[in-house]
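The values are calculated or read from the model by the stated rules, or taken from the named source; none is laboratory data. Computed from a prediction, not measured in an experiment: that's the story for all the values here. All Cβ positions, even for glycine, are placed from backbone atoms using ideal geometry, and neighbour counts span all protein chains on display. Each accessible area value is taken on the protein alone, full model and side chains, heavy atoms only, with ligands, DNA and RNA left out. Shrake-Rupley method; radii C 1.70, N 1.55, O 1.52, S 1.80 Å.
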Amino acid sequence: GAVVSQHPSWVICKSGTSVKIECRSLDFQATTMFWYRQFPKKSLMLMATSNEGSKATYEQGVEKDKFLINHASLTLSTLTVTSAHPEDSSFYICSARLSSSPGAPEAFFGQGTRLTVV
Amino acid sequence: AQSVTQLGSHVSVSEGALVLLRCNYSSSVPPYLFWYVQYPNQGLQLLLKYTSAATLVKGINDFEAEFKKSETSFHLTKPSAHMSDAAEYFCAVSDYASGSRLTFGEGTQLTVNP
């Protein structure tokens, strides 16, 4: 199956600093990637849809200036949490869609990044 | 708009017993339906998916789910639970228009007792 690699798997940062999370599709091209946020013992909340070569589409209520998304190539999307604060602490997960996928457009998930802001 | 309801945030079964995790969906168009499993501090692994073909879908690790349009359900079952099945399970829905943009249920934590 297709592999999506997310890095780092965990990160601790000081309040006010910025953190970059990478999401790579290792063996396929992904024109579309998705970023989710998961609170403890909660479901996944879609933050934004990232399309290669264009601006990301953010869900309602997600601050685009705080969560910067870049999708510069068909295999890499990055999420940068700018000026992080403790309330940004969460589990962030990316997923990628095959550029051409017959049948249901299946998404493949990264292993997630645990962000802790202190 | 699409939505998913998972009945029961916690399900506990004995090892070897039947596993039944319930999922009901709401969609104004023909849905695509998925079941994912998540282990602690890990991403999501696809168990199975419904793609408008066969209504009974078989997935990995002996899991299966049946799409019932009349009941708007997509319940997940496994004949015999194993200790390694203990995890969080998510049902998700999308459709042709939304692509891989998934709407997730709240999740069900499965506990398997020895």
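Tell me, which residues of region A:1-34 get at least 30 Å² less accessible area when the other protein chains come in, versus the chain alone (1.4 Å probe)? Those are A:PHE34, which lose 30 Å² or more relative to the chain on its own.
Pairing chain A with chain B buries about 1700 Å² of accessible area. This figure sums both sides and uses a 1.4 Å probe. For chain A, the spread of Cα positions along the three principal axes, ordered from largest to smallest, is 44, 27, 23 Å.
After finding the eigenvalues of the alpha carbon gyration tensor for chain B, what semi-axes result from the square roots of 5 times each, listed largest first in whole Å?
Those come to 23, 14, 12 Å.
Structure remark: mean-square fluctuation, Gaussian network model of chain A, C-alpha springs under 10 Å; the largest value among A:GLY16, A:GLY53, A:GLY61 belongs to A:GLY61.
Under the criterion of Cα pairs below 8 Å and six or more residues apart, the relative contact order for chain B equals 37 percent. The 3J(HN,Hα) values that the Karplus relation (6.51, -1.76, 1.60; θ = phi - 60°) gives for region A:11-25 are, in residue order, 8, 10, 9, 7, 4, x, 8, 10, 10, 10, 10, 9, 10, 10, 8 Hz. Gly and Pro appear as x. Across the protein assembly as shown, the fraction of Cα-Cα pairs farther apart than 28 Å, rounded to a whole number, is 31%.
Taking a point 7 Å from the Cα of B:THR111 along the Cα-to-Cβ direction, the residues of region B:76-93 with backbone N closer than 20 Å to it are B:78, B:80-90. Structural size metrics of region A:24-86, computed from C-alpha coordinates, are Rg and Dmax of 12.2, 35 Å. When its C-alpha radius of gyration is set against 2.2 N^0.38 Å (N residues), region B:68-114 gives a value of 1.45.
Given the whole protein assembly as supplied and a 1.4 Å probe, what does the accessible area of B:TRP35 come to in Å², nearest 10? Rounded to the nearest 10, that gives 0 Å².
A Förster radius of 22 Å combined with the Cβ-Cβ distance from A:GLN29 to A:SER9 puts the calculated FRET efficiency at roughly 0.40. Here each label is just a point 7 Å from Cα along the line to Cβ, and for B:SER80 and A:PHE39 those points are 4.1 nm apart. Peptide B:38-47 is shielded by partner chain Cβ atoms: per residue, an average of 6 of them sit within 10 Å of its Cβ.
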